[in-house]
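Trainee: One structure, as structure tokens, below. Some questions next.
What follows is calculated from the coordinates using simple rules that are stated; it is not laboratory data. Keep in mind the model is a prediction, meaning the values are calculated, not measured. All Cβ positions, glycine included, derive from the backbone under ideal geometry; neighbour counts span all protein chains shown.
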């Protein structure tokens, strides 16, 4: 797919096109990688577990900024798990 | 003027911190600069902060960067400023806390000028995918500045700040540094805390400086580096450095690169090697699998990272508000995780990642550092049609170091058709000092 890279709203039709194209692209990528012979690796943190320390304390401004970022606030709490976003 | 020279001016009283802020603010406010679309939000408290710093300079209690002004990529949290990642998804989101790197710079009395534009959620290599219009390249406003740290790079190139912070996942500091004719340092993965960085791909993301010289890169890196309890992947650099071999590896890139760029980088490397008495060894990197490995891992981790943007706690739902490149990576990541039961994508990419790491380990047994172009082509015009594959191919020379977690620096190597071309130097983990030293010779 050739187009410019400028930002625009994505229509449902375009999403379907992106889905088809990205699946094709990923299959091409995976097919190329399947020829690589290498063992699987994993990461081990040499330093073990971290020292938690005292962390940092939040303050009233932290709380007010956090609440002001939320779409729905009730009784000084963010309404996030009651399907409140559906009210939009 | 280097940052050290500017600091001397400020410390000697020839330039005050307030005057430094005002000089940059005046430039940022001109119509020519506004047209470049670099700053998304300015720090309204900068002058007050500069006044306090001037007082500390007089008292002899100021920090190591006292009075220097910097710009921040809009995916690095700054308390009280909008950290929108260049996306309508987070438009209006104000960070309630500072990233560790911000705290470290503020502790040394550097001054934040504002938040700068970027590719949406760092998904892009051109600066065009921002939901707030693309940033233009200050060297030639018709051209892309590169990305995803487009605003950070352009701000330095347009002399709108002393330095800028960017983030590099697969080249997002080095690529725009190359296109804008400046210097960009991607540190070793884990050398700089990612705490407060809104992640794109957490196993690749690094925060680093965009500056005017390798010496400046070293100065800022030394302030922001170090182990941080808020980021479990960070660690301090080991004290022992690898033994010096006096050999530089020059990567064979002819199958992946514009001929003129290949010739320029080869010529420049040979010139500097002769001057410094380095031996050059021709080497091969697994460039043919770099993009494939990188993007499968990116799609998977980005899909996971964006699940929090569901419109409940902050911002809007990402699938409903993001542009095409972000949507592509989310849909792609979703497909990978659905199909992953047979290990077809992510598992293969992790094996390839291991293979690439092993190749670097073998190469570094014989060379001190590796040189290759930063980007395989010169920047295209903003809005030019380009395929997804062509866009991803911009990353072919920067993704290998990201996959292996190595440090890399891009420095200006010259111009082709009046467009800036960057040269990239890679070294073993935690050898930032070495690459800055080598890069200084190219500068």
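Trainee: Would you calculate the convex hull of the Cα atoms in segment B:64-132 and tell me its volume per residue in Å³?
Mentor: Dividing the Cα hull volume of segment B:64-132 by its residue count gives 85 Å³.
Trainee: For segment B:117-165, rounded, prolate or oblate, judged on the Cα gyration tensor with a ≥ b ≥ c (square roots of eigenvalues), a/c < 1.5 rounded, else prolate if a/b > b/c?
Mentor: oblate
Trainee: Which value results for Rg/Rh of segment B:3-224 when Rg is the Cα radius of gyration and Rh the Kirkwood radius based on the inverse mean 1/r?
Mentor: Looking at segment B:3-224, the ratio lands at 0.94.
Trainee: Using alpha-carbon pairs under 8 Å, 6+ residues apart, how would you state the relative contact order of segment B:291-342 in percent?
Mentor: After rounding, I find 46 percent.
Trainee: Right, something else. Just to be sure I understand the curve: with the Debye formula and one point per C-alpha of segment B:232-347, what is log10 I(q)/I(0) at q = 0.10, 0.13, 0.16, 0.22 Å⁻¹?
Mentor: Result of the Debye calculation: -0.61, -0.84, -0.93, -1.15.
Trainee: Cα-based Rg of segment B:1-90 per 2.2 N^0.38 Å, rounded to two decimals?
Mentor: Working it through for segment B:1-90, the quotient is 1.22.
Trainee: Can you give the calculated 222 nm mean residue ellipticity of the protein assembly as shown, where each DSSP H run of n ≥ 4 adds -39,500 (n - 2.57) and the sum is split over every residue, rounded to the nearest 500 deg cm²/dmol?
Mentor: The helix contribution divided over the protein assembly as shown gives -11500 deg cm²/dmol.
Trainee: In Å, the Kirkwood hydrodynamic radius of segment B:367-443 over pairs of distinct alpha carbons?
Mentor: Averaging 1/r across every pair of different Cα atoms and inverting gives 13.6 Å.
Trainee: Using the reciprocal of the averaged 1/r over all distinct C-alpha pairs, how large is the Kirkwood radius of the protein assembly as shown in Å?
Mentor: Kirkwood radius, the protein assembly as shown: 23.4 Å.
Trainee: Got the relative contact order for chain B handy, in percent, Cα pairs under 8 Å and 6 or more residues apart?
Mentor: 17 percent
Trainee: Please list the three semi-axes, largest first and in whole Å, of the ellipsoid equivalent to segment B:291-342, using sqrt of 5 times the eigenvalues of its alpha carbon gyration tensor.
Mentor: Over the Cα atoms of segment B:291-342, the semi-axes work out to 21, 12, 9 Å.
Trainee: Determine the distance separating the Cα centre of segment B:222-261 from the Cα centre of segment B:81-113; give it in Å without decimals.
Mentor: Measuring centre to centre over Cα atoms gives 27 Å.
Trainee: Taking the Cα of residue B:358, stepping 7 Å toward and past its beta carbon, and measuring to each backbone N in segment B:261-294: which are under 17 Å?
Mentor: Flagged as within label range: B:284-290, B:293.
Trainee: If packing is taken as the average count of other Cβ atoms within 10 Å, what order do B:321-334, B:35-48, A:12-25 fall into, highest mean first?
Mentor: The most tightly packed comes first, giving B:321-334, B:35-48, A:12-25.
Trainee: Would you mind telling me the antiparallel percentage of the DSSP bridges in the protein assembly as shown, rounded to 5?
Mentor: Bridges in the protein assembly as shown are about 70 percent antiparallel.
Trainee: Next question. Step by step: find N for segment B:319-434, compute 2.2 N^0.38 Å, then divide the Cα radius of gyration by it. What's the final number?
Mentor: 1.31
Trainee: Suppose the Debye formula is applied to equal point scatterers at every Cα of segment B:136-219; what is log10 I(q)/I(0) at q = 0.12, 0.21, 0.22, 0.23 Å⁻¹?
Mentor: The computed values of log10 I(q)/I(0) come out as -0.30, -0.87, -0.94, -1.01.
Trainee: Let me ask something else about it. Over segment B:281-399, what is the relative contact order in whole percent, taking alpha-carbon pairs under 8 Å and six or more residues apart?
Mentor: 34 percent
Trainee: Could you calculate the FRET efficiency of residue A:61 with residue B:32 from 1/(1 + (r/R0)^6), where r is the beta carbon distance between them and R0 is 41 Å, rounded to 0.05?
Mentor: 0.65
Trainee: Hey, another quick one. According to a simple spin-label model (label point 7 Å from Cα along Cα-to-Cβ), what is the distance in nm between residue B:91 and residue B:236?
Mentor: Reported label-point gap for residue B:236 and residue B:91 is 4.6 nm.
Trainee: To the nearest whole number, what is the average tally of beta carbon atoms from other chains within 10 Å of the beta carbons of peptide A:16-29?
Mentor: Per-residue shielding by partner chains comes out at 6.
Trainee: I'd like the FRET efficiency for residue B:58 and residue B:202, computed as 1/(1 + (r/R0)^6) with the beta carbon distance as r and R0 of 41 Å, rounded to 0.05.
Mentor: 0.40
Trainee: So how far apart, in nm, are the two label points at residue A:76 and residue B:433 if each is 7 Å from Cα heading toward Cβ?
Mentor: 5.2 nm
Trainee: Among B:115-127, B:422-434, B:252-264, what's the highest-first ranking by average C-beta atoms within 10 angstrom per residue?
Mentor: B:115-127, B:422-434, B:252-264
Trainee: Kindly provide the Kirkwood hydrodynamic radius of chain B in Å, to one decimal, from all pairs of distinct alpha carbon atoms.
Mentor: Taking every pair of different Cα atoms in chain B, averaging 1/r and inverting gives 21.7 Å.
Trainee: At what distance in nm do the modelled label points of residue B:443 and residue B:243 sit from each other, each positioned 7 Å from its Cα along Cα→Cβ?
Mentor: 3.1 nm
Trainee: Something else: Just counting partner chain Cβ atoms within 10 Å, what average do the residues of peptide B:288-300 show around their Cβ?
Mentor: Mean number of neighbouring Cβ atoms from other chains: 3.
Trainee: Follow-up question, since we're still on this one. Please compute the length gained on full extension between residue B:365 and residue B:416, using 0.36 nm multiplied by the number of residues separating them and subtracting their Cα-Cα distance.
Mentor: 15.0 nm
Trainee: Could you state the number of Å between the C-alpha centres of segment B:288-338 and segment B:341-410?
Mentor: 19 Å
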